[in-house]
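Visitor: I'd like to ask you about the structure that follows.
The values are calculated or read from the model by the stated rules, or taken from the named source; none is laboratory data. These numbers were taken from a predicted model, which means no experiment stands behind them. Note: ideal-geometry Cβ built from the backbone for every residue, glycine included; neighbour counts use all protein chains shown. Accessible surface areas use protein heavy atoms only, side chains included; no ligands, DNA or RNA. Shrake-Rupley method; radii C 1.70, N 1.55, O 1.52, S 1.80 Å.
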Amino acid sequence: MFEVVYDDERFEADAPRAFVEDILRFLEKRFSVAGSFSLTFVDDEEIRRLNKEYRQKDEPTDILTFAMDDGEAFPVVPDMDEEDRVLGDVFISIDAMRRNADSFEVSEREELARLLVHGVLHLLGQDHATNDFKTEPMLVLQEKILVELGPFRC
């Protein structure tokens, strides 16, 4: 279960709700995701603020994922239903998504799909030490999933 939020309603033109929800439903099924998370689309100014506040990096980034299992261990609640489990929050900068698409010479929809996959993988405990798409296991998996998405990529 997920919630999609737009910091500015104009962001929905770049990240159409139906497209985003289709990708997220695919990922939930692909990984048997048990739990809920939020996805918020923001601009560079907001993601920079979050990056500075939570990661002490005073710069915008394309995506921030705050997984509930990051950092200190969270207490396990006995008999908690899987659907009540909160996985965390993902923030995607629409501005950075556009820049990435230009830089990587892909469509904005493809880059959006890549960021959605990336965020969900982080929520599920995946991580990467480098940004090497050829050798970094999480990023190799990310690109494999993009191929699986096939028709969603525009």
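Visitor: List every residue pair whose Cβ atoms sit under 7 Å apart, with the two residues 6 or more apart in sequence or on different chains, where the first one lies in region 84-103 and is farther than 14 Å from residue 43 by Cβ and the second, anywhere, is open to solvent by 30 Å² or more (accessible area, probe 1.4 Å) and among the hydrophobic types (A, V, I, L, M, F, W, C).
Guide: Qualifying pairs under 7 Å: 86/68; 87/68; 88/66; 88/68; 89/66.
Visitor: Go through region 13-45 and give me each residue that's free of Cβ contacts under 8 Å to residues at least 24 places away in the same chain and not hydrophobic (A, V, I, L, M, F, W, C).
Guide: As a first pass, look at region 13-45 and keep what is free of Cβ contacts under 8 Å to residues at least 24 places away in the same chain: 13, 16-18, 21, 25, 29, 32, 45.
Within region 13-45, 16, 17, 21, 25, 29, 32, 45 meet the criteria.
Visitor: Among the residues of region 144-153, is there at least one that is assigned to a helix (DSSP H, G or I) and touching a Leu at 6+ places or on another chain (Cβ under 6 Å)?
Guide: Scanning region 144-153 turns up no residue that is assigned to a helix (DSSP H, G or I) and touching a Leu at 6+ places or on another chain (Cβ under 6 Å).
Visitor: Further question: Residues in region 96-125 that are farther than 21 Å from residue 22 by Cβ and crowded, with 18+ Cβ neighbours inside 10 Å: how many? Walk me through how you get there before you give the answer.
Guide: Looking only at region 96-125, we keep the residues that are farther than 21 Å from residue 22 by Cβ, and these are 96, 99, 102-105, 125.
Now narrow it down to the ones that are crowded, with 18+ Cβ neighbours inside 10 Å: 96.
Within region 96-125, residues that are farther than 21 Å from residue 22 by Cβ and crowded, with 18+ Cβ neighbours inside 10 Å number 1.
Visitor: Identify, please: which residue in region 61-70 is under 16 Å from residue 97 (Cα atoms) and in contact (Cβ under 8 Å) with a residue 40 or more places away in the chain and is, among those, most open to solvent (accessible area, probe 1.4 Å)?
Guide: Step one: list which residues in region 61-70 are under 16 Å from residue 97 (Cα atoms), which gives 61-65.
Among the residues that remain, those that are also in contact (Cβ under 8 Å) with a residue 40 or more places away in the chain are: 62-63, 65.
On the way: 62: 44, 63: 21, 65: 29 Å².
Out of the qualifying residues, it is 62.
Visitor: Are any of the residues in region 51-60 part of a helix (DSSP H, G or I), open to solvent by less than 30 Å² (accessible area, probe 1.4 Å) and modelled with pLDDT of 95 or more?
Guide: Restricting attention to region 51-60, the residues satisfying the condition of being part of a helix (DSSP H, G or I) are 51-55.
Next, from what is left, pick out any that are open to solvent by less than 30 Å² (accessible area, probe 1.4 Å): 51.
Now drop any that are not modelled with pLDDT of 95 or more, which leaves 51.
There is at least one residue in region 51-60 that is part of a helix (DSSP H, G or I), open to solvent by less than 30 Å² (accessible area, probe 1.4 Å) and modelled with pLDDT of 95 or more.
Visitor: Could you list, in sequence order, the residues of region 126-154 that are touching a Lys or Arg at 6+ places or on another chain (Cβ under 8 Å), open to solvent by 60 Å² or more (accessible area, probe 1.4 Å) and not hydrophobic (A, V, I, L, M, F, W, C)?
Guide: Once the filter is applied, which keeps residues that are touching a Lys or Arg at 6+ places or on another chain (Cβ under 8 Å), open to solvent by 60 Å² or more (accessible area, probe 1.4 Å) and not hydrophobic (A, V, I, L, M, F, W, C), region 126-154 yields 148, 153.
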